[in-house]
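The values are calculated or read from the model by the stated rules, or taken from the named source; none is laboratory data. No experiment lies behind these values; they were computed from the predicted model shown. Ideal geometry is used to build each Cβ from the backbone, glycine not excepted, and the neighbour counts take in all protein chains shown. SASA here: full protein model, heavy atoms, side chains in, ligands and nucleic acids out. Shrake-Rupley method; radii C 1.70, N 1.55, O 1.52, S 1.80 Å.
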Amino acid sequence: MAMSHPHWEHLPHGADITVCGFGDSEAVAFEQAALALTAIVTDPASVGAVTPVEMACEAPDDELLLVEWLNDLIYEMATRSMLFGRFKVHLAGHRLNATAWGETIDCARHELGTEVKGATCTNLKVVREPSGQWRAQCVVDV
């Protein structure tokens, strides 16, 4: 079956937002979910890939690994005052190693939207769709 290109989307969920990442591999779906997270805060295209930040996390299963990954990103954005617009994820079992490229928040260039407080286990799903494409999604608290 033909697979579509990697992409992300938001789905409404009450007062919160579901982030969804899609890709031809589970790792690409995780990267796209991270872009969807950034897109809540600002336009990912406005974020320069200036500074690389290495991250690693692990969890007992793929779904909880997605939550850990997104919460690590939220933590790094908050503590470094950075935004990230490019990601490279490597998965080995239920362990994730990633590089996120971004830059310090610049209010003159980054139109800031909603602050993301945390990724949750609500509407949590990491699956390979019948089309062969991977989907990684969860609700984030805003």
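Sequence-distant or interchain residues sharing an amide H contact under 5 Å with residue 122, placed H: which?
HN-HN under 5 Å from residue 122: 139.
For the stretch 49-129, what is the Kirkwood estimate of the hydrodynamic radius, computed as the reciprocal of the mean inverse distance between distinct Cα atoms, to one decimal in Å?
13.7
Roughly how big is the chain's charge dipole about its Cα centre, with Cβ charges of +1 (Lys, Arg) and -1 (Asp, Glu), in debye to the nearest 20?
For this selection, approximately 160 debye.
Could you check which residue among 24, 62, 106 shows the biggest mean-square fluctuation in a GNM of the chain with a 10 Å Cα cutoff?
Ranking 24, 62, 106 by mean-square fluctuation puts 106 first.
Quick one: if you stick a label point 7 Å off each Cα along the C-beta vector at residue 9 and residue 50, how many nm between them?
Each label point is offset 7 Å from its Cα along the Cβ direction, giving 3.4 nm.
Could you compute how much accessible surface residue 22 exposes when probed at 1.4 Å, giving the result in Å² to the nearest 10?
10
For a paramagnetic label modelled at 7 Å from the Cα of residue 16 toward its Cβ, which residues of the stretch 60-79 fall within the zone defined by backbone nitrogen distances under 13 Å?
67-68, 71
Of 61, 43, which has the most accessible area and how do the rest follow, probe 1.4 Å?
43, 61
Using modelled backbone amide H atoms (1.01 Å from N, in-plane), which distant-in-sequence or interchain residues come within less than 5 Å of residue 25's amide H?
Answer set, sorted by chain and number: 134.
Residue 17: accessible area at probe 1.4 Å, nearest 10 Å²?
Surface open to solvent at residue 17 totals about 40 Å².
Accessible area per residue of the chain at 1.4 Å probe, in Å²?
48
Determine the share of the stretch 1-141's accessible area contributed by carbon and sulfur atoms, expressed in whole percent, with a 1.4 angstrom probe.
Answer for the stretch 1-141 is 52 percent, counting heavy atoms of protein chains only.
Based on the Kirkwood radius over alpha-carbon pairs, what value in µm²/s does the Stokes-Einstein equation return for the translational diffusion coefficient of the chain at 37 °C and 0.692 mPa s?
The Stokes-Einstein estimate is 221 µm²/s.
Taking θ = phi - 60°, what integer Hz values does the Karplus form 6.51 cos²θ - 1.76 cosθ + 1.60 yield along the stretch 37-42, in sequence order, with x for Gly and Pro?
4, 4, 5, 6, 7, 7
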